[in-house]
Amino acid sequence: MSNQEEKPVIIIDDVSYEIDALTDKTKEILGLHQEAQQDMLAARRKATIAEVAVSQLASMVSASIKEEDDGSANSE
């Protein structure tokens, strides 16, 4: 086991680059990329939650309408 810590790298086109060796500009772009990726994943999660909510609410609307129909049929 090595005592040396492995330095963080980024792999592009099957080539490893040490992040510490990148220019400040490239590090900034990399940071923006990571932030955008996190935002994208958060948006996907939010969309999934909204889809589930819409589906569940549609089922609730359907059930409510059926209850009203059953209630009005029993009242006649």
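When shorter helices are ignored and each DSSP H run of at least 4 residues is given -39500 (n - 2.57), the per-residue value for the chain at 222 nm works out to -25500 deg cm²/dmol. Summing charges over all other residues whose Cβ lies under 15 Å from the Cβ of Ala63, with Lys and Arg as +1 and Asp and Glu as -1, gives -3. Taking Cα atoms only, the orientation of helix 24-75 departs from the longest principal axis of the chain by about 10 degrees. Of the options [x] 0.97; [y] 1.19; [z] 1.51, only one is Rg/Rh (Cα atoms, Kirkwood Rh) as computed from these coordinates, and that is [z]. Rounding to the nearest 20 debye, state how big the charge dipole of segment 9-75 is about its Cα centre with +1 on each Lys and Arg Cβ and -1 on each Asp and Glu Cβ. Magnitude of the dipole: close to 100 debye.
Coordinate-derived values only; no laboratory data. From a predicted model like this one, the values you see are computed outputs, not experimental measurements. In this analysis, Cβ positions are derived from the backbone assuming ideal geometry, glycine residues included, and neighbour counts consider all displayed protein chains.
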